[in-house]
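Just passing along the structure, written as C-alpha cells.
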Amino acid sequence: MPWDLKKAIGSSAIPPTPFDDSDRIDTCDLERVYEFIVQCGSTSITTPVMVSEFEALCEDERKLMVRIACEVSGGRSAVIANATAPCMHKAADYGAYAQKCGADAVIAMAPAGVDYSYVKRYFTAISDAVSIPVMIQNHSGAGFMLSSEQVIELCETIENVKWVKEERQPGPISVGSVNAVKTDALEGIMSGYGSQYAPLDFERGAIACIHACEWADLVQPVWDLFFEGKADEARKLHYATLPALQLEGLMGMRYAKEVLRRRGVFKNTNMRRAARELSADDHKEIDRIFTLVSPYMRDINTNSN
C-alpha cells in the first residue's frame, strides 16, 4: 500500500548518483546509498533529482534509479520519483513507470521556456498517467517558476496534483506564501535548501525538507523534535549541526559524495557535471565537521546490502 505522504515528515533524502571509473552507475553503491537513507531514519527518498545530476542521466539510468529505490526501501520509506522531462509526454511516461515500480508519489519541475498554459497541460498529462500524488517542484533557479497562486490553481484544478516542493528564493518566505493561501486541494508542502532553514520552514508550514542525503541522520531528528512540540530542543540540535549542512552550499555535490565516501557508502566522488575538486583546505574543514557532528551521527552499516 502506498505511503500517505502526510506521514513522510522530516527528511526526504536525495541520493547523489554514484559513478564508477568507467562513468557507469555503480549499482552496488546505489543500493548502499538507498539503504543508508533508510537507516538514517528518513521517511522518504526523492530520486533522481538535481542533487542526483538527473539531467546528465539517460532514460534507462533514470528508471534504474527509481526501480532500485523502490526495491531497496521495500516500503520502509516512501519513494518520490522524479518525472521532470522536456515535454509532457516523456514526463507522463516517467510518472507511469515510477508508479509501476511502486513509487508512492512523483515530483516534476515544469520545463523552462514554456508558458503557463503549457505548464497546466504538462502537469495534467502527468496526473492522467498516475493515480499517486503528484508534487510540483517550484524552483527559482531552474524550470518554470510558479507564483503561489499558480501553485494553488494547479492543485485545485488537476486531480492528482496535491503537493509542492517550494524552493523559490527566499525559501522559508515562499513556503509561508504558499501556505497562506488556504485550500484543502494542497495536501502538503516540502522545502529545500538542504534543510538549512528547518526551524523557519516548519513554522511556515512545511512538513519535510527534500535535501541531499549525506547528513540525513542529522536532519530527521530535528524535524522529529519540532513535530513532538520540542521546539527549543529542535533548534538546539539544528544549530549544533548546521555547519555540516551549510558546507554543502559552499562545496557542492562533490562535498556530499566525499561525506558519503567517508561514511562507507560510496567508493569515490566521481561526477558527470563539472564540479571543482576538493582542495587540501576543503578536506581539513570536512575533518573538523566530522568531529563537530560525530556525537549526533548514527552508526550505520550498509556493508551487507
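The values are calculated or read from the model by the stated rules, or taken from the named source; none is laboratory data. This one's a predicted model, so the numbers in the text were calculated from it and none came from an experiment. Virtual Cβ from ideal backbone geometry, glycine too; neighbours counted across all protein chains shown. Only protein heavy atoms, including side chains, enter the accessible area calculation; ligands, DNA and RNA are left aside. Shrake-Rupley method; radii C 1.70, N 1.55, O 1.52, S 1.80 Å.
Taking all protein chains as present, what is the carbon and sulfur share of the accessible area of the chain, in % to the nearest whole number, probe 1.4 Å?
Taking all protein chains in place, the chain shows 49 percent carbon and sulfur surface.
Can you pull out the trypsin sites (Lys or Arg not before Pro) in the range 159-246 whose DSSP state is coil and whose Cβ has at most 15 other Cβ atoms within 10 Å? Before the final figure, lay out each step's value.
Details: sites: LYS162, LYS165, ARG168, LYS182, ARG204, LYS230, ARG235, LYS236; in loops: ARG168, LYS182, LYS230.
When the trypsin sites (Lys or Arg not before Pro) of the range 159-246 are filtered for loop state and at most 15 Cβ neighbours within 10 Å, LYS182, LYS230 remain.
Let me ask something additional. Given the DSSP H assignment, sum -39500 (n - 2.57) over each helix run of at least 4 residues in the chain and divide by its residue total; what's the result at 222 nm in deg cm²/dmol, nearest 500? Before the final figure, lay out the partial values.
Details: 11 runs with 140 residues, N = 305.
Value at 222 nm, helices only: -14500 deg cm²/dmol.
Further question on the same structure: Give me the compactness ratio for the range 1-87, meaning the Cα radius of gyration over 2.2 N^0.38 Å.
Rg over 2.2 N^0.38 Å, computed on Cα atoms: 1.05.
Now for a separate question. What dipole magnitude, in Debye to the nearest 20, does the chain give about its Cα centre under +1 on Lys/Arg Cβ and -1 on Asp/Glu Cβ? Don't jump to the answer; show the numbers that get you there.
Details: 32 positive and 42 negative charges, 26 e Å.
Using Cβ point charges on Lys, Arg, Asp and Glu, the chain gives about 120 debye.
Averaging over all projection directions, find the projected area of the Cα convex hull of the range 159-233 and quote it in nm² with one decimal place.
Mean orientational projected area (the range 159-233, Cα hull): 5.4 nm².
Still on this structure: Say the dipole of the chain comes from +1 at the beta carbon of Lys and Arg and -1 at that of Asp and Glu; which of TYR34, LEU245, PHE144 then lies farthest toward its positive end?
LEU245
So what is the orientation-averaged projected area of the range 226-305, using the convex hull of its C-alpha atoms, in nm²?
6.9
Only one of the listed values, (i) 28, 23, 18; (ii) 33, 27, 18; (iii) 34, 21, 19, was derived from the coordinates as semi-axes √(5λ) of the Cα gyration tensor in Å; which label is it?
Label of the calculated value: (i).
Tell me which trypsin sites (Lys or Arg not before Pro) from the range 5-67 have a DSSP coil assignment and no more than 14 other beta carbons within 10 Å of their own.
ARG24
Of GLU55, GLU214, GLU277, which has the largest mean-square fluctuation in a 10 Å C-alpha GNM of the chain?
Greatest mean-square fluctuation among the candidates belongs to GLU277.
Loop only per DSSP, at most 14 neighbouring Cβ atoms within 10 Å: give me the GluC sites (Glu not before Pro) in the range 122-212, ordered by residue number.
Listed in order of number, the matching sites are GLU159.
Now for a separate question. Per residue, how many Å² of accessible area does the chain show with a 1.4 Å probe?
Working: 12520 Å² over 305 residues.
In whole numbers, the chain has 41 Å² accessible per residue.
Lysine pairs in the chain with alpha-carbon atoms under 23 Å apart, 8 or more places apart or on different chains: how many are there?
Number of lysine pairs found: 29.
Could you list, bin by bin from short to long, the percent of Cα-Cα pairs of the range 64-163 in 10 Å steps?
Spelled out bin by bin, the range 64-163 gives 18, 50, 27, 6 percent.
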